[in-house]
Every structure is written in structure tokens, then in C-alpha cells.
Amino acid sequence: MSSQTLVGSLGGVALGPEDTGYDAARSGVQRAYLHRPSVVARVGGVADVQLTVRRAAQHGLAVAVQATGHGLNVPTEGGVLIDTSRMAEVRVDPASRTAWAAAGTRWEQVIDAAGEHGLAPLSGSSPDVGVVGYTLSGGLGLLSRGFGYAADHVRRVDLVTADGEIRSVTPGEDLFWALRGGGGNFGVVTGLEFGLFPVDRLYGGGLYFDTRHVPAVLRAYREWTATVPDAMSSSIGLIPMPDAPGVPAPLRGRHLAHVRIAYLGTLQDGERLVAPLRALGPRLVDTLGEMPFTATGTIHNEPKQPRNFYCANAMLSEFDASIPDAVLDLVGPGSGVFAVVQFNHLGAALAGQPEVENAVGHRGASHVLRVVTLPQGPDRDTAHEVAHGVTRAAAAWTLGRSPNFVQGDQKAYEQTRECYEPAAFDRLAALKAVHDPGNMFRCNVNIPPVGDSEHKLRRGTGCG
Ligand SMILES: Cc1cc2nc3c(=O)[nH]c(=O)nc-3n(C[C@H](O)[C@H](O)[C@H](O)COP(=O)(O)OP(=O)(O)OC[C@H]3O[C@@H](n4cnc5c(N)ncnc54)[C@H](O)[C@@H]3O)c2cc1C
């Protein structure tokens, strides 16, 4: 069947490769890897999603989903891409402290809508990231040491499953356990209801240290995280900034140590807690202070523009004293190798199971190590190798991976098992066999249905 016939059967929401707008519709923030679908369905609502899933099932095609492209790993080659970006809608219920967000909603919209009621979601470092993709794979928020993963606070998942049925999944169902942590493996989620928190203001911002301070700041940060209360969430980024006009003058061309803080407490306590970090040396920029939650995108200040990136990660049982030097030797200042390295402090509320258990793994991790490299041109393997080389340096303390920080990896399925506890992986694979036995939703950190010993992606049939 030609793509144009399939396009025609989807009634106006679909584009084929020959159509104007196809390239824009398949392209998200990730530019090193692109979906190459036979059809992009720019869905506007639940009925469009249902029709698209049904048509894809009739034609035996894989279904990929994209809201923003931040989490793209296994692109579809010839399958159907559901572009949810038009389904951007948020409803806040201040009385129950909940929000409902449609499939294409970005965190920014929720932050703004919740902020009008003095409430905050468990959004992460970038308000530009999609609510649904982030939450389905856990969702490590700026306030997560205080409240847990975003997936821990989901109340309801609305979705279309592989059989083309519309469902509303709530506690008590196996699928409710699997959807919260199992990523996009169980259907196309059309909306999520989740809890909000009474956080209007917080103490937060960033400390930017110059190149020569990077080793000392990284070592000190490691020790400092062992001393802070649960209300203190933080991360450190080691960032080689380009010497380019768009970069703020004080940071341009420097290899930064950027400590990011989000503290649920008073200004006075926040200042006291960060004093040992400030004492490490002069800051090129110091933005710490009281801020409204609606300004928390400035804490990490991540770029919004489309770009090439690849991300590997390791969930660490402990941030061993040897790790900073091992990482710096590989990709630190003066190494001549480009990589952005980040350690997020975990533990506290992230360590406990939520009231209604879910599939999120590695709750015993104390930190997550993330390594972002920039694949360019045909020599992408070098960027991949650099990223995994850094995570290997922490292999002795690695519990597994976080599915949310597997980005740009076309063989993401090779990391799936490591994203879950063994028993959880087995349960996910068994549920996958019930709800998606043909593995229609496989363009992701893919959980193969139990019994699919020759995984479709491994067989080379790809995500088509
Ligand atoms: C700059 C940046 C900052 C980040 N910060 C954080 C952070 O602080 N904390 C954190 O936990 N993660 C963070 N992430 C990771 C992010 O949560 C994941 O990449 C997530 O997958 C992004 O979701 P998305 O919808 O924006 O991306 P997309 O690429 O559009 O989607 C990613 C995947 O999510 C699934 N998916 C998306 N929508 C649906 C749907 N409606 N139904 C079913 N499956 C769906 C699909 O498998 C899809 O391939 C960050 C990523 C980047 C690039």
C-alpha cells in the first residue's frame, strides 16, 4: 500500500514524504536523528489518535510518537509517526491540586497554569520538555528529592492501546503500574492527570565556576550532597561552553562547573546550605536567590533550539570518591574531548515507593550520571563511544540506567533491561505481551513482549 493511500485514509491529518510540511512535522528538537515515517499523523484529538492506530494496525506498521523530540532514540523508518504537538492543553483543578495535560503539552504550559493557583508540578530542568514522554519514563523533577518522581503522582492515564481502544487507566489495574515508568511501550497516551504541590516560591538558581575550579568544585559537590536535607535538590553540570557570540560574555569559551539548586525552604536556610559551595571560589555568575516556581527554567537555562545530541547515563549506587577524577581525566578541561557531564543528586523521596507502586527502577540510586555528546556528520560513533566511555568509568557503582536519559540511541533497546529491576522487567514484558503482542509501539526504549525471543528490532526489521 502506498503512503498516499494511507495518508488519504487518515482524513486530512496526515502527510506523506511528498507532501509540503512533512519535514517540519517529523522534526523535533533532536536533529542528529530524524524519524522517516511513511506517514506523519498530526493528530488534533483522541479520535485522530484512535483512527491512526487502527490504520497502522491494519497495515502492520510500527507506531512512533513525538511531542517535542527531546527523547527521540529509535526513529521510525517507514512506520507511522503520531505528532502530538497540536494536542497541547492543560486544565488545573486547584481544589484537588491536580492537573490534566494532553499528549502534546510542554511543562511550560503546566508551570504557568498551576502557578496561577500557587501550585507547582514535578517538572524538570527544561520547561520545553513534553509532560507525557517525561512522566511515562519516570520524570526526575527539580523538586523530586522532596516529592518523588513525576510518575509517582500520576492519577489517571488516558490512552489508545494497540487494539485501537480508548482507555482511561486508574489505580488497581496492572496497566496503571506499567504505564508509570514503562515509557511509550503500552499505547499512545492522549492525556495524563497528576498531582500538583503547594510551592509558589523557592530558593534556587545556579553557581557558575570557571575552568580552573572545575576539579575542586566537582569533588566538593560530591561531598556536599551527602550533607544536605531532603528539601535540597541539586545537580552539577560540567559544560564546555562554545566561544560563540550567542553565549553570555562571562561564560563564553570556558569549561564551566555549573551547580544548580532548587531548595524548598527559606532564603536564610538556603544561603546557609550553599555557603560551603560559594566558599570554593569566585563565581563567574551567581543567580541564587528566592524565585517564583514559574521562573525555574532559569535554574538550568537549557537551550531551546533544535540541535544534535546523544545522551548516555548511569544510575549510581554511590558517588564514589574516585569518580570525579576518572571523569575529568576522560572529558574534563584540557582533555580535548567534548562532553557535557552532569550528576543529579537523587535519594530522599526518590528512594521510596509511591502509595501506588509503579515500574520506575533503581530507587536505591544516590546520583545519576548523564553524559551528553554532540554527534556530527557521519562520524557519530565517536560521540556515542565518548558518552559510554564516561559511564563505564563508573561501572563498578552502576545499578542500571534511567530510560529518560537514553537519548539519540538508535539501539536503545539494548539498554532496556538495565532500565528496570529484573522482576519489574519480567512483569513489563508479560504485560506487553497482553497489551501489545505485535510490538506496535517499539520505536522507543523497547520492552519486547514476553515470548518474542527474537526481538523485532534485533532481527533488523527495525522500527518500520
Ligand atoms: C534538554 C533536556 C532536558 C531534560 N531534563 C529532564 C529532567 O530534568 N528530568 C527528566 O526526567 N528528564 C529530562 N529529560 C529527558 C526527557 O524527559 C525525555 O527525553 C522525554 O522522553 C522527553 O519527552 P518529550 O515528549 O519531550 O520527547 P519526545 O521525543 O517527543 O518523546 C519521547 C518519547 O516519549 C514517548 N512518548 C511521548 N509522548 C507520548 C505519548 N503521548 N504516548 C506514548 N508515548 C509517548 C515516546 O516513546 C517518545 O519516543 C530532558 C531532556 C532534554 C533533551
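Points worth noting:
- When segment 410-428 is limited to residues that are in a loop (DSSP other than H, G, I, E, B) and crowded, with 22+ Cβ neighbours inside 10 Å, the one that is farthest from the ligand (Cβ to nearest atom) turns out to be 420.
- Residues being in contact (Cβ under 8 Å) with a residue 12 or more places away in the chain and assigned to a helix (DSSP H, G or I) are represented in segment 223-232 by at least one member.
- Candidates 158, 128 - the one that is touching a residue at least 40 places away in the same chain (Cβ under 8 Å), more than 9 Å from the ligand (Cβ to nearest atom) and farther than 30 Å from residue 227 by Cβ: 158
For (1) in a loop (DSSP other than H, G, I, E, B); (2) more than 13 Å from the ligand (Cβ to nearest atom), each residue gets a yes or a no:
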| position | (1), (2) |
| --- | --- |
| 81 | no, no |
| 113 | no, yes |
| 141 | yes, no |
| 151 | no, no |
| 163 | yes, yes |
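- Filter result for residue 202 (away from the ligand (no atom under 12 Å from the Cβ), in contact with an Asp or Glu (Cβ under 8 Å, 6 or more places away or on another chain) and part of a strand (DSSP E or B)): yes
- Test: residue in segment 372-380 that is of a type in the set (A, V, I, L, M, F, W, C) and either outside any helix (DSSP H, G or I) or not assigned by TED's automatic domain parsing to the domain that holds residue 306 (or both): yes
- Taking every residue in segment 33-45 that is surrounded by fewer than 23 Cβ atoms within 10 Å (Cβ to Cβ) and pairing it with any residue that is among the hydroxyl-bearing types (Ser, Thr, Tyr), at least 6 positions away or on another chain, the pairs with Cβ-Cβ distances below 7 Å are 34/27; 36/76.
- Looking across segment 296-330, the residues that are crowded, with 16+ Cβ neighbours inside 10 Å and within 25 Å of residue 116 (Cα to Cα) come down to 296, 297, 299, 300, 301.
- Restricting attention to segment 83-105, the residues that are acidic (Asp, Glu), surrounded by fewer than 23 Cβ atoms within 10 Å (Cβ to Cβ) and outside any loop (DSSP other than H, G, I, E, B) total 1.
- Scope segment 70-85; condition closer than 21 Å to residue 127 by Cβ and in contact with a helix residue (DSSP H, G or I) (Cβ under 9 Å, 6 or more places away or on another chain); matching residues: 70, 71, 83, 84, 85
- Of the residues making up segment 33-61, those that are within 24 Å of residue 311 (Cα to Cα) and either among the basic types (Lys, Arg) or within 12 Å of the ligand (Cβ to nearest atom) (or both) number 4.
The values are calculated or read from the model by the stated rules, or taken from the named source; none is laboratory data. Since this is a predicted model, take the numbers as computed values, not measurements. Here Cβ is always computed from backbone atoms with ideal geometry, including for glycine, and neighbour counts include all displayed protein chains.
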